[in-house]
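One structure is given here, and the rest of the page talks about it.
The values are calculated or read from the model by the stated rules, or taken from the named source; none is laboratory data. This structure is a prediction, so every number in the text was calculated from the model and none was measured. Ideal geometry is used to build each Cβ from the backbone, glycine not excepted, and the neighbour counts take in all protein chains shown. These accessible areas exclude ligands, DNA and RNA; they are computed on the full protein's heavy atoms, side chains included. Shrake-Rupley method; radii C 1.70, N 1.55, O 1.52, S 1.80 Å.
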Amino acid sequence: MLELVSRGEAFGGIDDVTFVRGHADIDHVLRSQTFVPLKGDEPVAGRPFITGTMAAAAGSEHIAKRRLFAPLFTSEMLHYFQDHGSRPVITETLLEVADRTADGDTPEGDLVPIGIVLVHRIAAQIVGFDGVVGEDAVARFNSVVDRIGKGLTVEFFHDPEHVIPAEARAAQDQLREEFFAASLARRQDLVAAYRAGRIEKAELPRDIITFWLLDDRYNDDLDALVVEIGVFLNASTRTTGRSIPHIVHHIAQWVAEHPEDRDKTTSSDFLRGAISESLRLHAVLPAITRRATERTVLPSGNVLEAGEKVALILQAANLDTEIYGEDAHEFNPYRIDTLPKKIAPWALSFGAGAHTCIGRRLVTGGDWRRESTASDKDLDGSIVAIMRALYEAGVRPHPDKPPRFYDGFTDYDEYASYPVVFETLGAFADAARASV
Amino acid sequence: MGEVRHRPVAITIDHVACEGTGLCVSAVPSVFSLNDDNLAQVDLDQAAEVPLDELREAEFICPTMAITIQPAES
């Protein structure tokens, strides 16, 4: 029996926190306006990396930030990234794998770094970083994002020795100097030209840095922009990057048991179902933290008192048998067909309510429900585009090299290494080069 | 989808697309609320009292593009 609420729990740097595990209770908290983000306040060690950002803001400040970034996630922008962002970046990354393969060898690689490189290249476009080109630059960029990520997710590291705030601060400085400064300068010139009437607004880049510079409420505070970018990069890259190996792993097991689905791995419908289940079974965050501002009775009848610190345990909620059925622990790419409208196929992995991940549509695309009449229902997001390209290149778990999980120093559910082979990468590369 | 019309604006809330994030409620609380199914609903009488630009904040901020607000046809 799932313990829906337990008190006196702790995460790194957050003591006396109440764990909430039921799907209905968590959904209620996330949608309620009487809970505010705890992040940005606790843990104290994480403040320099998240305080003041959209993720940590509440009320009118949160709305102002959402408004600032909303133009990045319109359907028009999603179409743009689908055509000009995701696919070219994925193709470029897979061609690099092909180029590293000796004649006659089966192409192989590690899906963890490959996935990270893929998503970092896409994220760099969205932020507005011009210099993340070439494998070396992407590797340095990955290192910077990873170290900043340790600072802003300090509560999920079991051993604080693994997290050195100075290391994360140094990474913030490196981000500012190596990737931010030149991109900022170019955009400041362009925005100045726009304000002087020398260029049209349509000629401006459409990225986070540019939108920030256009907003008179925020554009003087470039330190805040650097912090905001650190959060955005981690949220956008880690979600997808962590999920890619899980998706490949589950699909490999599924098609071994259901060979009739082996040819469906490049179809949107099948991939959407498989991606949903992987996101549900492997929540991309261990928990979302909140503080209650009022006494609240949860749908389960449990009571949270004003001021209580709450950790919403997403993995527990995503496996709630009341919502997902008695086989909730199992991977079923066709579960998406059976869920009621109110239940997101990816469960609570992107949150819910006002703080729903702002980039969710960029990752997933439009409305995935089978009977949907939504205008964006055929729009695929970056994760679908990535998975389709990987399967076009014939991705399979490596037959001789087993995957390896992280050794338990964090609460994250992620692989440290996931070796794969690409059985049809040669044909994929030939087709890609021919189309240039 | 349920369309409601009122002067001076026509407000459409696409209940297929609405995911009940409540951002419209946060943006214009006097006009938008969530029903028992966590779907956005609009108070047309209140909407008539709010300037169009302010109403459009809800349209703009909705992450699933579920809200459409236009000047009403005469």
Treat each spin label as a single point 7 Å out from the Cα along the C-beta direction, and report the A:ALA64 to A:ALA185 distance in nm.
-> 3.0 nm
Cα-based Rg and Dmax for the stretch A:362-436, where Dmax is the largest Cα-Cα distance (Å) | 16.9, 46
Extension gain (nm, one decimal) between A:ALA170 and A:ASP263, 0.36 nm per residue minus Cα-Cα | 28.8 nm
Filter the DSSP H helices in chain A by two things, a Kyte-Doolittle mean of at least 0.0 and an axial alpha-carbon span of 27 angstrom or more, and list the hits by number.
-> A:222-257
For the stretch A:7-45, which residues drop by 10 square angstrom or more in accessible area between the chain on its own and all protein chains together (1.4 Å probe)?
-> A:ARG31, A:GLN33
Please give the FRET efficiency for A:ALA102 paired with B:GLU49, using the beta carbon to beta carbon distance and R0 = 56 Å, rounded to the nearest 0.05.
-> 0.20
Residues of the stretch A:329-371 that bury at least 40 Å² of accessible area, probe 1.4 Å, when all protein chains are present rather than the chain alone, are A:LYS341, A:LYS342, A:ALA354, A:ARG360, A:ARG361
Cα gyration tensor category, rounded, prolate or oblate, for the protein assembly as shown with a/c compared to 1.5 | rounded
Under the definition of Cα pairs under 8 Å and six or more residues apart, what whole-number percent is the relative contact order of the stretch A:3-158?
-> 24 percent
Simple SL model, points at 7 angstrom along Cα→Cβ for A:ASP327 and A:GLU294; separation in nm is 4.2 nm
Just A:GLU76, A:GLU392, A:GLU414 to compare: in a GNM of chain A, with alpha carbon springs under 10 Å, which one fluctuates most?
-> A:GLU76
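With runs of 4+ DSSP H residues as the only contributors, calculate the mean residue ellipticity of the protein assembly as shown at 222 nm using -39,500 (n - 2.57) per run, divided by the residue total and rounded to the nearest 500. Spell out each step's value before the answer.
Details: 19 runs with 210 residues, N = 510.
Mean residue ellipticity, 222 nm, calculated: -12500 deg cm²/dmol.
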Determine the relative contact order of chain A: mean sequence separation of Cα pairs under 8 Å and six or more apart, normalised by residue count, in whole percent.
-> 24 percent
What whole-number value in Å² describes the accessible area per residue of chain A for a 1.4 Å probe?
-> 42 Å²
What is the interface area between chains B and A, defined as buried accessible area summed over both chains with a 1.4 Å probe, reported in Å² to the nearest 100?
-> 1800 Å²
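Counting only protein chains, not ligands or nucleic acids, how are A:ASP411, A:ASP136, B:ASP36 ordered by accessible area (probe 1.4 Å), most first? Kindly include the intermediate steps, with their values, before the conclusion.
Values: A:ASP411 60, A:ASP136 115, B:ASP36 155 Å².
Ranked from most to least accessible, the order is B:ASP36, A:ASP136, A:ASP411.
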Among A:ARG360, A:ARG195, A:ARG396, determine the one that fluctuates most according to a GNM of chain A built with springs between C-alpha atoms less than 10 Å apart.
-> A:ARG195
Could you give the nm distance between label points at B:ALA72 and A:ASP223, where each point is 7 Å from its Cα heading toward the beta carbon?
-> 5.0 nm
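Accessible area of the stretch A:107-221 with a 1.4 Å probe: how many percent of it is carbon plus sulfur? Don't jump to the answer; show the numbers that get you there.
Working: 2630 of 5250 Å².
Of the solvent-accessible surface of the stretch A:107-221, carbon and sulfur hold 50 percent.
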Semi-axes, largest first, in whole Å: what does sqrt of 5 times each Cα gyration tensor eigenvalue give for chain B?
-> 18, 12, 11
What residues of the stretch B:30-58 lose no less than 20 Å² of accessible area with every protein chain in place versus their chain by itself (probe 1.4 Å, heavy atoms only)?
-> B:ASP37, B:ASN38, B:GLU57
